Every structure is written in structure tokens, then in C-alpha cells.
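Undergrad: I have a structure here, written as C-alpha cells, and I will follow up with some questions on it.
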Amino acid sequence: MLLVFIISLSACKKDSEAVISEGENKIALLRSASDEVSPENSENTYDSIGFWHNKIVAYVQNCKSVTDTPYVEASTQCVLRFCREMQRIEPPVSFFSTVNQTVRQSNESIETLIANCPYEEPVKAALDSLVQLIKRLSESNSPYPVIKAMIVDFESRVMQNSLLNPEGREIALKAALIARYSIYYWINTLQPPAPAAAFKFKNIVKWIAAVTSDIGGAIVSGSVEYAADCSSYAYDLVTYSMP
């Protein structure tokens, strides 16, 4: 459970061009990471969303001011800044007003968050199956190639699930690709500096919290910007509570 939730407005201070450059450099490093496969799955119609998701998260992590406590508004302002600079449609600030709540609910019980969503039962069942899959993979400390293969298999089953209507299938596929790309980002970003169990445990906790919030954000909003904001803010909260 995430412990610290403090709301305060914070402006991004880094030069915009430098922030974009740093974010793109981080994405490039992730793509070239040794012994790791890339996160793409061309079979998923919505896969390009994942590319933008990781671009946004990398940008936000480089954009935020260095402070002692995490501020949800700081992440949101950086997401909006990214939209302006990339000439993407910029959601209103009010669209992100529930990010704090979504992060908290996702990490307290994402199963309850799914149950409370206004989706048909087959959609909820698919989303719950995805969440349980991610939890099992994290508990087994699986490497990314295994994680990706399992999520891609889940996506294939979603595509073949006759109980899902087109809208429900889209919701499940988007949640799955967000998980696939988010895990790729955080599992590489949080590689332990030494093979010590304490480092590994902390990093696993951080990426699970970030990915869980990511999935929760995708489920409740269907927006890559909202999901990326949830992911980045969740990571900041865990980093603050257990650096």
C-alpha cells in the first residue's frame, strides 16, 4: 500500500529541449538493453499506444523537479507539457484530477477497482485474469522475455474470446499492452546496481507499484496519458517511502 499522498502544485524546471532529449536517450537505452527483447507486439492493433506510453513516462521522469516529496500535480503538468511539445491533443487538467485516487485504489486492491468499473462481466474477467497473471510473474521474478511471452499469449486469447464485444476486447487489449510496455520500461530502468537481494526486492516493489497503477489508469480512463501519469506518480511515491 502506498503511504504518502500530498497534493501541491509544482512546475517543471528543466529546459524543454533538454527534457525531450533526455527522455529519448532513455528510451534508446531501454531498446538496446542487453539480453532483453523489445516490447512490441504487432498482432495487437493498438500497439503504438505503448510506444507513446513509454515516451511519456521517460519524459515525466526527466521533467519533474527534484523534491523531497512526490506531487501528483508535478507529474500531471509534465504530461501536459509533453502533449504540447509533441503536438498531441492535450487533455484538460481536470481529466487528471482522479490520478491520486486511482493510484491508491490500484495498489490497495486493483481487483476491487476492476469490479467497480462499469464494464460487462466478460471484460472484468479478462482484466482480472491479466492482473493475476502479472502478480504471478512478479512473484516468480520472471525475466522480461518470459513476461512478454505470457502477456502476448493473454492478448491472443483476448482476440479469440467470443464473449468479448469489440469495445470490451479493445479495453482488455489496451490494458495488456500498457502492462507489457510499462514492465519493459520499469524493469530496465530499475535494474539493481548490485546483485543484492535488498536492491532486487526494492526494485521489484517499485516496478510492481508503477505497473499496477499503470494498468489501473488504463482501465479507468482508456487514456495513455492518464495511465502514464499514474505510473510515474506511483513510482515516485514508492521511491519516497523506500528509497
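The values are calculated or read from the model by the stated rules, or taken from the named source; none is laboratory data. Because the structure is predicted, anything quoted here is derived from the model rather than measured. Backbone-built Cβ (ideal geometry, glycine too); neighbour counts: all protein chains shown. All accessible areas refer to the heavy atoms of the entire protein, side chains included, with ligands and DNA or RNA removed. Shrake-Rupley method; radii C 1.70, N 1.55, O 1.52, S 1.80 Å.
Undergrad: What are the residues in the stretch 138-153 that are among the hydrophobic types (A, V, I, L, M, F, W, C) and surrounded by fewer than 20 Cβ atoms within 10 Å (Cβ to Cβ), if any? Walk me through how you get there before you give the answer.
TA: Applying the first criterion (among the hydrophobic types (A, V, I, L, M, F, W, C)) to the stretch 138-153 yields 146-147, 149-152.
VAL146, ALA149, MET150, VAL152 - these are the residues of the stretch 138-153 that are among the hydrophobic types (A, V, I, L, M, F, W, C) and surrounded by fewer than 20 Cβ atoms within 10 Å (Cβ to Cβ).
Undergrad: Take the residues in the stretch 189-202 that are open to solvent by 20 Å² or more (accessible area, probe 1.4 Å) and touching a helix residue (DSSP H, G or I) at 6+ places or on another chain (Cβ under 8 Å); name whichever of them is modelled with the lowest pLDDT.
TA: Among them, the one singled out is PRO193.
Undergrad: Another question, if that's okay. Considering only the stretch 139-171, state which residues are hydroxyl-bearing (Ser, Thr, Tyr) and modelled with pLDDT of 95 or more.
TA: Listed by number, the residues that qualify are SER156, SER162.
Every residue, every condition in (1) surrounded by 17 or more Cβ atoms within 10 Å (Cβ to Cβ); (2) out of contact with any Lys or Arg (no Cβ under 6 Å at 6 or more places or on another chain); (3) under 19 Å from ILE215 (Cα atoms), yes or no:
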| position | (1), (2), (3) |
| --- | --- |
| GLN61 | yes, yes, yes |
| LYS64 | yes, yes, no |
| SER75 | yes, yes, yes |
| ARG81 | yes, yes, no |
| MET86 | no, yes, no |
| SER97 | no, yes, yes |
| LEU113 | yes, yes, yes |
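Undergrad: Within 30 Å of SER156 (Cα to Cα) and modelled with pLDDT of 90 or more - does that describe any residue in the stretch 74-83? Reasoning before the result, please.
TA: The first filter runs over the stretch 74-83 and keeps only residues within 30 Å of SER156 (Cα to Cα), leaving none.
Within the stretch 74-83, not a single residue is within 30 Å of SER156 (Cα to Cα) and modelled with pLDDT of 90 or more.
Undergrad: What's the number of the only condition in (1) out of contact with any helix residue (DSSP H, G or I) (no Cβ under 8 Å at 6 or more places or on another chain); (2) modelled with pLDDT of 95 or more that ARG136 fails to meet?
TA: Of everything listed in (1) out of contact with any helix residue (DSSP H, G or I) (no Cβ under 8 Å at 6 or more places or on another chain); (2) modelled with pLDDT of 95 or more, ARG136 misses just condition (2).
Undergrad: Looking for something modelled with pLDDT of 95 or more and under 21 Å from PRO145 (Cα atoms) - is there at least one such residue anywhere in the stretch 214-223?
TA: Yes: the stretch 214-223 contains one or more residues that are modelled with pLDDT of 95 or more and under 21 Å from PRO145 (Cα atoms).
Undergrad: Ok, one more. Under 9 Å between Cβ atoms, at least 6 apart or on separate chains: pull out the pairs that start in the stretch 123-142 with a residue that is in a helix (DSSP H, G or I) and end on any residue that is among the polar types (S, T, N, Q).
TA: Within 9 Å, the pairs are VAL123/ASN165; ALA126/ASN161; VAL131/THR212; ILE134/THR212; LYS135/THR212; ARG136/SER142.
Undergrad: Please state which one of ALA179, ALA210 is among the hydrophobic types (A, V, I, L, M, F, W, C), at pLDDT 85 or above and touching a Ser or Thr at 6+ places or on another chain (Cβ under 6 Å).
TA: Testing whether each residue is among the hydrophobic types (A, V, I, L, M, F, W, C), at pLDDT 85 or above and touching a Ser or Thr at 6+ places or on another chain (Cβ under 6 Å) leaves just ALA210.
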